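To start, the structure under review is shown below, and the notes come after it.
The values are calculated or read from the model by the stated rules, or taken from the named source; none is laboratory data. Please read all numbers here as calculations on a predicted model, not as lab measurements. With ideal geometry, Cβ positions are generated from the backbone for all residues, glycine too; neighbour counts draw on all protein chains shown.
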């Protein structure tokens, strides 16, 4: 139903509509309507029944994408690999079908990185074409392998990723890379690159700037304010999308600020991990895990049904880490069967503590493991990693700080 | 004989319905609590091309700072996708379209029109074609209406520092109806008549915003040298000035072109910059020495065959070049027609002629600019001169404070339009279309007559209510107050009180005050008194609680009269009223006062 039975996208037509003759460009068929572009640039939609195509004035052809794709950029020695997984950041809208198509074209960032072009060579590659909400562990594993391969030959990797599940991917990559000899930076955009105000351009630019630095971590690089000109690199295991639409949606929750960029100048924080001598990468993840959001309607049956087939359950508990005592016998029972329950908080900010109130102590007694201030999504990714690598010492590894996923000090960090 | 002039208009009318794609109010003070800053990049349009006007703006490489006042939200900051369209605004645009005899489109596609001068935070203006193919009758014949569009208004520019532009977002997103005419207008007086008529038609909906720039006109003009679009004419009388100034300019350029042509025309290779900073370092020109101190350079180029056409007699090609450099934030330019002068001596000018290798008919120009700007201008200046001398004059211009038109940017093409991917097309219901068509049956003049007879007010008052965009207010006040009283209140009483106090009452405040007075069961006397208090700065809550708005009862009036009469004899009614006013701040009906006084006397 793309309208080919009427005309090719982009062909010039003379049509008649309600007694009026118009010269138009054919765009597409949409259900029972045809979409045309007038010479003024406006699109109009006419019902199939009311429009008559009189003649084709000009075949489609001049109406094509004229941009030139540039897949490598720069002349310097630092080698950076830009890998795109789809999402809105590296895409062009195909107006004929309404589809968003990924692109390898780097020409749009040419101007903004002129000053560092002689320090690096950038190459771009599309490795996947998927909206981030459709990403699953098999995608993480596939992408992680490609990132690993890239990092074996290059000095840094920038991964273009949809923002919705970016922090899950960043967490998973963090654990899968036990050692890394250069930065792995995920970036995305909150305003798609088909608009002049898109944050995509600056986010990619900032990621490339961070890629020049001696960093041995997985991070998320996005705007740090709703104004342009300021970006931040957040440790993957401490980053979270906290707003549906704002450019500065990603926040370092309590800790995890690796560095900032203001007016093209990079400054790194003291608390960063420097690169390792070599890469150590494992692509093993166990998917028998899940996040259970406790709420006043939660019941033991509910929890039992959720836990079926899973080995580790991350509970997003209330406040300090509490769940209703209705659930406690079930947690005890399932723990005895060999399942693991780990506790994070719906508050996101702050540490869980199961020793302050009786209900917390009962939850401990039922066999649950508190995860301090680990973010729930990070705890999920970590569970998958630990289940695959240290199934017999699950609790011990979950509470050991491997990649900075636990903020050791509870600092008073800005807004929350 | 000059070429016949073809003139078309674009009339833009703001609506007071609330913003188009968010739920923010149209009004709000510019007092902003914060600012944000952005850069913009042109993107590839639907057809794969980048609009030339957009590309041009990018070369200027500017950054934009936005003041965010109280009537803005994440949508204006381009931090949230647009909310659904304001249906009321859409329906008003349909009514206007129907009144102009247009065919309404049943399905409306919202488009993005790329505008990267920073006036839209998104980098585009959302605009929807609502109706096409109408016409109006005028004293000089029929004028076709090409289209009626519903757009979001742009941000208001506060200052332009060249590389840094400052806007306020208060105006961004206000619904704007754009009415475009065919080029059927015969001259400047006719243009004024057409603009008036279209404006009046929109105003009879009662939903137009009342503000100094709430109705703005663009003029499209062609004398056979391409279409020139003159933007931003906020007063109807300026339409005439803009057309006159632009036709004079084009006739002047015809003479300039033919003069240069006779001398052998323009050699495009002739233009290139030589750096003369060293030679002029010690010159007496403060513009030059100041520029050099700021790290700029002084560049010289020959202008072939252009001696005398830059500035002499009525020829002003120099100004055309200056308009261009100003767009690139370069203020420092001079040319040989105005030299010696500006601190440059005759000897220095002779040397510059020599260095530029000028022949007898050649001129030269100097530009004081940074290296980067100069390399841009080295391409832009000869290209603009070439265009002008070939009389390819199509471009976007604006009507400046100096009462002339000036260069703004190249005309945008159809490349700048692509669909708004964040919104589904709007489908109009049969009821929406038929109610608009019903409204459109009466021409604007007849609708004013009907307004007068429906509300039993004078034709004059009805007309003033419409042309001052107070119709909406009148209709809403008339639903609770007497219509004649409402008209008098809006057109006479309130303006008088405002003038006297030097303060203003907003429409919103007036509506709330009237509702509050009515709720207390009080009438017109109290309303008059409460307006006084409002203008003195009391809040509506304070006013409704105040005993000062309660009219004096018969008994209270009688008591005061008795008291006054005891002290002093009152000679006439006027004296009596004045004396009572001195003794009380509460309102009373003077007629009633006289009646009571009469009855007491008896």
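Take residue A:351 and decide whether it is more than 24 Å from residue A:254 (Cα to Cα) and not in a strand (DSSP E or B).
no
Considering only the range B:61-76, how many residues are buried (at least 20 other Cβ atoms within 10 Å of the Cβ) and not in a loop (DSSP other than H, G, I, E, B)?
Of the residues in the range B:61-76, 4 are buried (at least 20 other Cβ atoms within 10 Å of the Cβ) and not in a loop (DSSP other than H, G, I, E, B).
Kindly state which helices (runs of 4 or more DSSP H) lie completely within the range B:521-572 and contain at least 2 residues that are within 16 Å of residue B:511 (Cα to Cα).
It comes to B:524-535, B:540-545.
Considering the range B:527-540 alone, what residues qualify as being loosely packed, with under 13 Cβ neighbours inside 10 Å and without any contact (Cβ under 8 Å) to a residue 24 or more places away in the chain?
If the condition is that a residue be loosely packed, with under 13 Cβ neighbours inside 10 Å and without any contact (Cβ under 8 Å) to a residue 24 or more places away in the chain, then B:539 is the only one that fits.
Looking at A:312, A:300, A:305, which one is in contact with a strand residue (DSSP E or B) (Cβ under 8 Å, 6 or more places away or on another chain) and not assigned by TED's automatic domain parsing to the domain that holds residue A:238?
A:312
How many residues, within the range A:1-17, are surrounded by fewer than 16 Cβ atoms within 10 Å (Cβ to Cβ) and at pLDDT 85 or above?
Final tally of qualifying residues: 2.
Six or more apart or on different chains, Cβ under 8 Å: which pairs go from a residue in the range B:310-333 that's on the phi > 0 side of the Ramachandran plot to one that's surrounded by fewer than 19 Cβ atoms within 10 Å (Cβ to Cβ)? Could you list them?
So the pair list comes out as B:329/B:60; B:329/B:161; B:329/B:162; B:329/B:163.
With respect to residue A:319, is the statement that it is farther than 22 Å from residue A:136 by Cα and touching a residue at least 40 places away in the same chain (Cβ under 8 Å) true? Working first, answer last.
Numbers: farther than 22 Å from residue A:136 by Cα: yes; touching a residue at least 40 places away in the same chain (Cβ under 8 Å): no.
The answer is no for residue A:319.
Working only within the range A:19-52, note down all residues that are within 37 Å of the chain's Cα centre (by Cα), part of a strand (DSSP E or B) and more than 8 Å from chain B (Cβ to nearest Cβ).
Those that are within 37 Å of the chain's Cα centre (by Cα), part of a strand (DSSP E or B) and more than 8 Å from chain B (Cβ to nearest Cβ): A:26, A:28, A:29, A:30, A:34, A:36.
Which of the residues that make up the range B:446-473 are on the phi < 0 side of the Ramachandran plot, within 25 Å of the chain's Cα centre (by Cα) and in contact (Cβ under 8 Å) with a residue 60 or more places away in the chain?
Those that are on the phi < 0 side of the Ramachandran plot, within 25 Å of the chain's Cα centre (by Cα) and in contact (Cβ under 8 Å) with a residue 60 or more places away in the chain: B:466, B:467, B:468, B:470, B:471, B:472.
What is the one condition in (1) more than 22 Å from residue A:393 (Cα to Cα); (2) assigned to a strand (DSSP E or B); (3) touching a helix residue (DSSP H, G or I) at 6+ places or on another chain (Cβ under 6 Å) that residue A:328 does not satisfy?
(2)
I'm told residue A:182 meets every condition in (1) surrounded by 24 or more Cβ atoms within 10 Å (Cβ to Cβ); (2) within 14 Å of another protein chain (Cβ to nearest Cβ); (3) in contact with a helix residue (DSSP H, G or I) (Cβ under 7 Å, 6 or more places away or on another chain) except one. Can you identify the failing condition by its number?
Of the numbered conditions (1) surrounded by 24 or more Cβ atoms within 10 Å (Cβ to Cβ); (2) within 14 Å of another protein chain (Cβ to nearest Cβ); (3) in contact with a helix residue (DSSP H, G or I) (Cβ under 7 Å, 6 or more places away or on another chain), the odd one out for residue A:182 is (2).
Residue B:296 - would you say it is over 24 Å from residue B:252 (Cα atoms) and touching a strand residue (DSSP E or B) at 6+ places or on another chain (Cβ under 6 Å)? Walk me through it before giving the result.
Details: over 24 Å from residue B:252 (Cα atoms): yes; touching a strand residue (DSSP E or B) at 6+ places or on another chain (Cβ under 6 Å): yes.
It is true that residue B:296 is over 24 Å from residue B:252 (Cα atoms) and touching a strand residue (DSSP E or B) at 6+ places or on another chain (Cβ under 6 Å).
Kindly establish whether residue B:74 is within 14 Å of another protein chain (Cβ to nearest Cβ) and under 21 Å from residue B:208 (Cβ atoms).
Values: within 14 Å of another protein chain (Cβ to nearest Cβ): yes; under 21 Å from residue B:208 (Cβ atoms): no.
So residue B:74 does not fit the description; no.
Residue B:462 is checked against (1) within 24 Å of residue B:233 (Cα to Cα); (2) crowded, with 18+ Cβ neighbours inside 10 Å and fails just one. What number does that condition carry?
(1)
Looking only at strands (runs of 3 or more DSSP E) that lie completely in the range B:97-174, which have at least 3 residues being surrounded by fewer than 24 Cβ atoms within 10 Å (Cβ to Cβ) and either within 21 Å of the chain's Cα centre (by Cα) or touching a residue at least 12 places away in the same chain (Cβ under 8 Å) (or both)? Break it down into steps so the answer makes sense when it comes.
Values: elements: B:110-114, B:124-138, B:141-152, B:156-160, B:164-168.
In the range B:97-174, B:124-138, B:141-152, B:156-160, B:164-168 are the strands (runs of 3 or more DSSP E) which contain 3 or more residues that are surrounded by fewer than 24 Cβ atoms within 10 Å (Cβ to Cβ) and either within 21 Å of the chain's Cα centre (by Cα) or touching a residue at least 12 places away in the same chain (Cβ under 8 Å) (or both).
Please go through the range B:56-80 and pick out each residue that is over 25 Å from the mean Cα position of the chain (by Cα) and at pLDDT below 95.
Residues satisfying the conditions are B:59, B:61.
Could you list, in sequence order, the residues of the range A:366-414 that are free of Cβ contacts under 8 Å to residues at least 40 places away in the same chain and at positive phi?
A:367, A:372, A:414
Go through (1) modelled with pLDDT of 95 or more; (2) not in a helix (DSSP H, G or I) and name the single condition residue A:173 misses.
The number of the failed condition is (2).
Restricting attention to the range A:245-257, which residues are within 18 Å of residue A:169 (Cα to Cα) and in a loop (DSSP other than H, G, I, E, B)?
Correct list: A:249, A:253, A:256.
Using the structure shown, decide if residue B:53 is at pLDDT below 95, surrounded by 21 or more Cβ atoms within 10 Å (Cβ to Cβ) and not in a strand (DSSP E or B).
Here the answer is yes, as residue B:53 does meet what is asked.
With respect to residue B:561, is the statement that it is modelled with pLDDT under 85, out of contact with any strand residue (DSSP E or B) (no Cβ under 6 Å at 6 or more places or on another chain), surrounded by 11 or more Cβ atoms within 10 Å (Cβ to Cβ) and not assigned by TED's automatic domain parsing to the domain that holds residue B:475 true?
The answer is yes for residue B:561.
Determine whether the range B:181-204 contains at least one residue that is touching a residue at least 40 places away in the same chain (Cβ under 8 Å), within 21 Å of residue B:71 (Cβ to Cβ) and under 19 Å from the mean Cα position of the chain (by Cα).
Going through the range B:181-204, the residues touching a residue at least 40 places away in the same chain (Cβ under 8 Å) turn out to be B:181-204.
Filter once more, keeping what is within 21 Å of residue B:71 (Cβ to Cβ): none.
Scanning the range B:181-204, I find no residue that is touching a residue at least 40 places away in the same chain (Cβ under 8 Å), within 21 Å of residue B:71 (Cβ to Cβ) and under 19 Å from the mean Cα position of the chain (by Cα), so the answer is no.
Step by step: first the residues of the range A:186-225, then only those that are more than 14 Å from chain B (Cβ to nearest Cβ) and part of a helix (DSSP H, G or I), then the one that is surrounded by the most Cβ atoms within 10 Å (Cβ to Cβ). Which residue is that?
Taking the candidates together, the pick is A:207.
Return the residues of the range A:231-247 that are touching a helix residue (DSSP H, G or I) at 6+ places or on another chain (Cβ under 9 Å) and more than 8 Å from chain B (Cβ to nearest Cβ); say none if nothing qualifies.
Hits for the range A:231-247 are A:231, A:232, A:233, A:234, A:235, A:236, A:237, A:238, A:239, A:240, A:241.
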